[in-house]
Amino acid sequence: MVSEIRLRAADGTPILLRRLVPTDEPALREAIESFSPQTRYMRFFSGAPHVPEHVIHRLADADGILHVAWVAIDESAPDHQVIGAVHAMRDDPKSPTADFAIGLIDPWHSRGISRLLIALLASEARQVGITRLTADVLYENKAGRALMKSIGAVSGATGGTSIHYNIELEATLSKLDAQKASAPMQSVFKAIDTGAAMPAAA
C-alpha cells in the first residue's frame, strides 16, 4: 500500500499526501486552530472557540488499525503546513465499520483535495478490514452534502439538524476511479494500483 504521494494541485502548488502519524499532533492542532468559526462549526458541530485538547489528541492518534488517517501538506509553505486530514476510526479491530471525518483549512476548501484524501483513505482502510464508513453531516452544510454525493455515500436517517450517511468503500473507490479526469486523481489511482509513492509532477 502506498504510504505517501507527491503531486501538484490545480494551481501548481506542490502537495504531499501521506499517512498521518502521532507526531503530526502539533501541526494538526495549528491547522484546526486556524479554522474559521463557520468551518469549525461544520466540522465539529460546535460553536466553541477552541476544539478540546482530547479531541485533537484522538485525531492525531492514528495507529493504522483502529484509526486510519491521511494528511495533506502544502510543501510550498515554509513550515510545510498541514492543510487537511481525513480519518476512519473504530473501537474494534474486527469491525468492518468505522466513523468517517474530514477537515480542511479554509483556503483549501473546494480545491479538490478532499476526494484525493478519501481515495487514499478508502484504499488503506480496505486493507485492514474496513468496508464501510459512516458520517453525520449537518443539513446546512451544503458543501459537505455535495461531497458525500460525489463519493457515492447513501443518506439514511436524519437527526433533525444532521443527515447520516453510509459510505461503502468499494462503491466509493469505483466512483472516484470513474472521476479521475484530473491529473492529481490520476496520480492517486496510479499510486493505489501500483502501491508505489509517486514523485511530484514536473
Filtering segment 112-124 down to residues that are more than 13 Å from Lys175 (Cβ to Cβ) and either assigned to a helix (DSSP H, G or I) or touching a Leu at 6+ places or on another chain (Cβ under 8 Å) (or both) yields Ile113, Ser114, Leu116, Leu117, Leu120, Leu121, Ser123, Glu124
Note: among Ala72, Ala27, just one is under 12 Å from Gly103 (Cα atoms) and either in contact with a His (Cβ under 6 Å, 6 or more places away or on another chain) or of a type outside the set (Phe, Trp, Tyr) (or both), namely Ala72
Among strands (runs of 3 or more DSSP E) entirely within segment 128-199, at least 3 residues that are modelled with pLDDT of 95 or more, on the phi < 0 side of the Ramachandran plot and of a type outside the set (Val, Ile, Thr) occur in 132-138, 162-168
Only unsatisfied item for Gln81, checking (1) touching a helix residue (DSSP H, G or I) at 6+ places or on another chain (Cβ under 8 Å); (2) modelled with pLDDT of 95 or more; (3) polar (S, T, N, Q); (4) surrounded by 13 or more Cβ atoms within 10 Å (Cβ to Cβ), is (2)
Scanning segment 1-11 for residues that are crowded, with 16+ Cβ neighbours inside 10 Å and not hydrophobic (A, V, I, L, M, F, W, C), the one nearest to Asp106 (Cα to Cα) turns out to be Arg8
By residue number, the members of segment 12-69 that are part of a helix (DSSP H, G or I), open to solvent by less than 20 Å² (accessible area, probe 1.4 Å) and of a type in the set (A, V, I, L, M) are Leu28, Ala31, Ile32, Ile56, Leu59, Ala60
Any chance Arg111 is among the charged types (D, E, K, R) and within 19 Å of Gln38 (Cα to Cα): yes
Taking segment 78-110 and keeping residues of a type in the set (Lys, Arg) and in contact with a strand residue (DSSP E or B) (Cβ under 8 Å, 6 or more places away or on another chain) leaves Arg90
Of those in segment 137-146 that are within 17 Å of Arg40 (Cα to Cα) and not β-branched (Val, Ile, Thr), the residue nearest to the chain's Cα centre (by Cα) is Gly144
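The values are calculated or read from the model by the stated rules, or taken from the named source; none is laboratory data. The structure presented is a predicted model; accordingly, all values stated were derived computationally and were not measured. Every residue, glycine as well, gets a Cβ built from its backbone with ideal geometry; the counts of neighbours run over all protein chains shown. Calculation scope for accessible area: heavy atoms of the full protein, side chains included, ligands and nucleic acids excluded. Shrake-Rupley method; radii C 1.70, N 1.55, O 1.52, S 1.80 Å.
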